[in-house]
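The values are calculated or read from the model by the stated rules, or taken from the named source; none is laboratory data. Because the structure is a prediction, the values reported are computed rather than measured. Every residue, glycine as well, gets a Cβ built from its backbone with ideal geometry; the counts of neighbours run over all protein chains shown.
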């Protein structure tokens, strides 16, 4: 059965509304407790990402010794599941800001996750 006229328009409106509602609900869930450390969902993966981002920060930052950089690189290289693109962006952003911000890190992952 084909949809015609008003039924077709109202179906598209309902479909777009449900899509927007789903995206906003997902955004709200991720932004809840934005500044908490990453231990709420899949902690192993989040801590691995934090290690990789910290390793990028150590490599860029001039305030660390070569020994510290090597130790952090060995920790970050323990397990590799996928390319560390987001972690590199987070590490570089932390370097530019001069500090670690969980809220910004989660926001970056959220932006690319949507």
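A quick yes/no check of all residues on (1) surrounded by 11 or more Cβ atoms within 10 Å (Cβ to Cβ); (2) in the same structural domain as residue 53 (by TED's automatic domain parsing); (3) at pLDDT 75 or above:
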{"position": "2", "(1), (2), (3)": "no, no, no"}
{"position": "11", "(1), (2), (3)": "yes, no, yes"}
{"position": "14", "(1), (2), (3)": "no, no, yes"}
{"position": "19", "(1), (2), (3)": "no, no, yes"}
{"position": "22", "(1), (2), (3)": "no, no, yes"}
{"position": "25", "(1), (2), (3)": "no, no, yes"}
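With respect to the conditions (1) at pLDDT 85 or above; (2) in a helix (DSSP H, G or I); (3) in the same structural domain as residue 109 (by TED's automatic domain parsing), residue 45 falls short on a single one, namely (1).
Sort out which residues of segment 60-114 are in a helix (DSSP H, G or I), touching a residue at least 24 places away in the same chain (Cβ under 8 Å) and farther than 30 Å from residue 26 by Cβ, and write them in order of number. Passing the criteria: 60, 75.
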